[in-house]
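Below you'll find the structure, written out as structure tokens, and then a few comments.
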Amino acid sequence: MPSRRPASPHPRPWIRAGVVAFAAHVGYELAAGVAVPLAGRIGPVAACALHGGGALAAYQAAARVPPGRGGRAFAVLDGFMAAAVLGHFTAWPRATRAGLPWLTECEGMSGRLMPAYNLILHASAVTALGGLREVGDSRRWALGTVAVVAPVMRWAQPREYESLRAQAARRPGWWNRRHARAQGSLRP
């Protein structure tokens, strides 16, 4: 009789790592002063609550839902995280380093802010690939999500950037200080 591998005490480590990488991505943007996605439309507090609460819920679900259950949901989550990375690497100016895409600017960030941001995006890409293994037979849901969501994100990111810049002109604050300074709305 073949021996069964015991269930991991920490299910879905790649999915959970992907959620952490996603949270790091959004957190880095906020710390850099370029706000967070949707802040220009729903406000910074609501956007942070949405991203933070969603990341926490996804992380906890990935840790609690027993292996073999929730495959499609986790596959869609993994595909969404992969689509976000792909959207960034196709929507913003980039170069190639060591054969990998490397953003030179993104959402109002450039220069010394880019190495860490690129590393976060590359970590997100690696976790998304690992997540494909964890979702097993549901991986077609992940790939389908990437196919649908990545083009939408590529289209939406520059528009979201403009929305965040408009918000910074109207309501400059610490969360959008880089955009506000670029427009002269906030004194250095």
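The values are calculated or read from the model by the stated rules, or taken from the named source; none is laboratory data. None of the values given here were measured: they were computed from a predicted structure. When we count neighbours, we look across all protein chains shown, and the Cβ atoms used for this are built from the backbone with ideal geometry, even at glycine. Heavy atoms of the whole protein, side chains included, go into the accessibility calculation; ligands, DNA and RNA do not. Shrake-Rupley method; radii C 1.70, N 1.55, O 1.52, S 1.80 Å.
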Problem set entry | Full-stretch length increase - Val126, Trp155 - with 0.36 nm per residue and alpha-carbon distance subtracted | 8.1 nm
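Take the Cβ-Cβ distance between Leu100 and Trp174 as r, set R0 to 35 Å, and report the resulting FRET efficiency rounded to the nearest 0.05.
0.60
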Seminar exercise, completed: Taking a ≥ b ≥ c as the square roots of the eigenvalues of the Cα gyration tensor, with a/c under 1.5 meaning rounded and otherwise prolate when a/b exceeds b/c and oblate if not, the range 30-123 is oblate
For this session: Report the residues of the range 41-62 in range of a label on Glu162: point 7 Å along Cα→C-beta, backbone N strictly under 15 Å from it.
Result: 41
For this session: Among Glu29, Glu134, Glu162, determine the one that fluctuates most according to a GNM of the chain built with springs between C-alpha atoms less than 10 Å apart.
Result: Glu162
For this session: Filter the DSSP H helices in the chain by two things, a Kyte-Doolittle mean of at least 0.5 and an axial alpha-carbon span of 20 angstrom or more, and list the hits by number.
Result: 13-31, 44-64, 71-91, 114-135
Problem set entry | Helix-only mean residue ellipticity at 222 nm for the chain, each DSSP H run of n ≥ 4 adding -39500 (n - 2.57), per residue, nearest 500 | -22500 deg cm²/dmol
Exercise. Averaged per residue, what accessible surface does the chain expose to a 1.4 Å probe, in Å²?
Worked result: 56
Exercise. Sorted by mean Cβ packing within 10 Å, highest first, what order do the peptides 115-126, 94-105, 76-87 take?
Worked result: 76-87, 115-126, 94-105
Exercise. What shape does the chain have by the C-alpha gyration tensor, where a ≥ b ≥ c are the square roots of the eigenvalues, rounded means a/c under 1.5, and otherwise prolate means a/b greater than b/c and oblate the rest?
Worked result: prolate
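Could the peptides 171-178, 15-22 be put in order, highest first, of the mean number of other beta-carbon atoms found within 10 Å of their residues? The partial results should precede the final answer.
Details: 171-178: 19.2, 15-22: 23.6.
Going from most to least packed, we get 15-22, 171-178.
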For this session: Net charge near Leu30: determine it from the other residues with C-beta under 13 Å of the C-beta of Leu30, scoring Lys and Arg +1 and Asp and Glu -1.
Result: 0
For this session: Mind listing the long-range amide H neighbours of Arg94? Cut-off is under 5 Å, sequence gap 5 or more, other chains count too, H placed in the peptide plane at 1.01 Å from N.
Result: Thr104
Exercise. Based on the alpha-carbon gyration tensor of the range 54-96 and its eigenvalue square roots a ≥ b ≥ c, which shape applies: rounded if a/c is under 1.5, prolate if not and a/b is larger than b/c, or oblate?
Worked result: prolate
